[in-house]
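Step one of this worksheet: look at the structure below.
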Amino acid sequence: MLKRFFIICSGADTQILNSCASGEQNKYAGIGATVFFTAIMAFIAASYALYTVFDNLFTSIFFGLIWGLLIFNLDRYIVSTIKKSDGFLNELLQAAPRIILAIIIAIVIAKPLELKIFEKEINRVLLEKKNQLTLLNQHQISEQFQPKTDNLKQQISKLKSEITTKEQEVNALYDIYISEAEGTAGTKLLGKGPVYKEKREKHDEALVDLQQLKLTNGTKIESLEKTIAITEASKEKQIANSQPIIDHFDGFLARINALDKLPWLPSFFIFLLFLAIETAPIFTKLLAAKGSYDLKLEDHEAIIKTQILLNKNQREKLLKAEFTLNDHVYKTIVNDEELINDKQAKAKELLQFQADTFLKNQKNIF
């Protein structure tokens, strides 16, 4: 039962193959098994590749099954259309397009399986790439908000500088009136005289201005600091919103690019393995000598071809004979007097009918 199934997979004519020796049947069963298991590998590879795209197991299996059946049909077609001939070069030229197609199929099957085999190494490369993208993303978003933040901080610094300058002015006025009271500066008269009072009042006015400035600038500084906090919150929110995009940077194309950064030799040998599996049925048929199946198939096709040519030639002869007979028949009856008289009578009757009809139509007009 299994042998029969693999023979069907090989694309061989089962009716002809059943009449061949057991060894010939085993050869085509082996070719069919290779075709079948290549399709299984294609199904697994496609399902894994699609799972990285859809993140859904059932969807991936469904489309992977379709892809596996497609590869099975292609491989079966490739193997079944290679015919054994008398020259190896002719066979090779016949198989060349099919070998190219087999190489393409091998690449398509091998690549997703390479991704699965080197999954841990690829995840490490992707992690490094994600970290780089995270830092770059944070830097780019910070650059968007930095000018506004710097401007707000400069305004705060300016307001604080105004307070500091006013404080220094008040402190200077304080030192002046204290020195006046102590008699160490100004009039150098000890005691609180008119000059002391004047300088004290000037200091008190400046102190009131300082307090008012602190209140006004403090309110402005508080508002600006709130704006900075809002700006920083917006920046952090934008970073948080964009981070999931980076976290999901592990799709099929990203994994292929990560695979390219790994040493190429292991991937190359895996590709060679699948290439050998995919082209094995083709080269088996090319290198194998003509077997009983090939001879019987060739004979069967020759019989059909001969029969078709005979039928075609017979139809051409029959058509030619029919033309000759028709020419002879019409040539014979062309001088028949009875047929001529009958034809004349019918022609006269038709002309008379046409004349009567014309006269009737003319009368109706008047």
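Overview of results
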| read-out | value |
| --- | --- |
| Proximal aspartates and glutamates relative to Lys214, as straight alpha-carbon distance under 17 Å, when same-chain residues fewer than 8 apart are discounted | Glu162, Glu167, Glu169, Asp204, Glu205, Glu222, Glu225 |
| Calculated FRET value between Leu136 and Tyr77, using beta carbons and R₀ = 56 Å, to 0.05 | 0.70 |
| Subset of Lys153/Lys235; Lys158/Lys237; Lys129/Lys261; Lys3/Lys290; Lys27/Lys296; Lys111/Lys261 violating a 23 Å alpha-carbon distance limit | Lys158/Lys237 |
| FRET E, pair Ile256, Leu2, Förster distance 45 Å, beta-carbon r, rounded to 0.05 | 0.75 |
| Separation of alpha-carbon centers, region 106-174 and region 341-355, rounded to whole Å | 108 Å |
| Length gained when the stretch Phe37-Leu286 is fully extended (0.36 nm per residue, less Cα-Cα span) | 87.6 nm |
| Check: the chain dipole with +1 on Lys, Arg Cβ and -1 on Asp, Glu Cβ, in debye | 480 debye |
| Length added when fully stretched, Glu301-Ser223, from 0.36 nm per residue minus Cα-Cα | 18.6 nm |
| Spatially proximal lysines relative to Lys363 (Cα-Cα < 24 Å; intrachain offsets below 8 disregarded) | Lys348 |
| Span-rule helices in the chain, defined as complete DSSP H runs reaching 18 Å or more along the axis (Cα) with Kyte mean at least 0.5 | 22-54, 57-80, 88-117, 264-287 |
| Top of Ala206, Ala96, Ala49 by mean-square fluctuation, Gaussian network on the chain, Cα under 10 Å | Ala206 |
| Under 17 Å from the Ala240 label point (7 Å along Cα→beta-carbon), backbone N, region 105-139 | 138 |
| Of Asn257, Gln94, Ala29, farthest towards positive along the dipole that unit charges on Lys, Arg, Asp, Glu beta carbons give the chain | Ala29 |
| CD proxy at 222 nm, helix term only [per DSSP H run n ≥ 4: -39500 (n - 2.57); per residue of the chain; nearest 500] | -31500 deg cm²/dmol |
| FRET efficiency for Leu265 and Ile100, using Cβ-Cβ distance with R0 set to 22 Å, rounded to 0.05 | 0.35 |
| Stretch gain in nm, segment Glu143-Gln211, where the contour uses 0.36 nm per residue and the Cα spacing is subtracted | 20.7 nm |
| Spin-label pair Arg315/Ala172, simplified geometry with 7 Å Cα→Cβ offset, distance in nm | 11.9 nm |
| Selected from Gln352, Ile308, Phe323, residue furthest toward positive end of dipole (region 308-365; charges at beta carbon) | Ile308 |
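Read-outs: derived from the displayed coordinates by stated rules, not from any lab. If you're wondering where the values come from, they're calculated on a predicted model, not measured in any experiment. With ideal geometry, Cβ positions are generated from the backbone for all residues, glycine too; neighbour counts draw on all protein chains shown.
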